[in-house]
């Protein structure tokens, strides 16, 4: 069985359906959750730990698993809204919350800020080129009108670099780079 296939079982309850459904309902569980709990109990009674890697062929923490949640509508709406705003799947967004890592919810805003800053730097580049050209030509009186703009250049470049660093950090968090496995040669 491949690593990404789902473990599924179909069971003929042979007349036990009403009793099993009643027990699951009494415990406020779905039928599937009740069945899994019963199997875990059976494995424990057999002195096997179903979650121990040696029992299940090794658990891979990077391998996604399907999780079904029942939450109130308000929280479900919040999750959908924030995951969509971040451009992430519900699972990836929820995992980032559980891990305590910042979800890149402001990624679009950060891209907009960096784009605006880049446009501003492009305009400043033109002013700087004009300033240097006037200085080379010995026209310092005309270059004086660019003086204040050139003096603010350092501050604006530093601000741009801060925006760029913040965006890069968010992108690194949003995109989980996987190292390429070396090819056997």
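The values are calculated or read from the model by the stated rules, or taken from the named source; none is laboratory data. Keep in mind the model is a prediction, meaning the values are calculated, not measured. As a convention, Cβ positions derive from the backbone with ideal geometry for all residues, glycine included, and neighbour counts pool all protein chains shown.
When the stretch 88-100 is examined, which residues are found to be outside any helix (DSSP H, G or I) and surrounded by fewer than 15 Cβ atoms within 10 Å (Cβ to Cβ)?
89, 100
Residues to consider are 85, 76, 35, 25; find the one that is surrounded by 11 or more Cβ atoms within 10 Å (Cβ to Cβ), modelled with pLDDT under 80 and either outside any loop (DSSP other than H, G, I, E, B) or not assigned by TED's automatic domain parsing to the domain that holds residue 111 (or both).
After applying the criteria, what remains is 85.
Across the stretch 136-152, what is the number of residues that are in a helix (DSSP H, G or I) and modelled with pLDDT of 80 or more?
Matching residues across the stretch 136-152 total 1.
Between residues in the stretch 86-97 that are on the phi > 0 side of the Ramachandran plot and residues that are surrounded by fewer than 14 Cβ atoms within 10 Å (Cβ to Cβ), which pairs lie under 9 Å by C-beta distance while being six or more apart or on different chains?
Every condition considered, the pairs that remain are 87/108.
Among the numbered conditions (1) surrounded by fewer than 13 Cβ atoms within 10 Å (Cβ to Cβ); (2) modelled with pLDDT of 80 or more; (3) more than 26 Å from residue 86 (Cβ to Cβ), tell me where residue 156 comes up short.
(1)
If you check every pair at least six apart or on different chains, which have Cβ atoms under 8 Å apart with a residue in the stretch 1-16 that is farther than 15 Å from residue 38 by Cα and outside the structural domain of residue 34 (by TED's automatic domain parsing) first and a residue that is part of a loop (DSSP other than H, G, I, E, B) and at pLDDT 65 or above second?
Partner pairs satisfying both residue conditions: 3/63; 4/63; 6/66.
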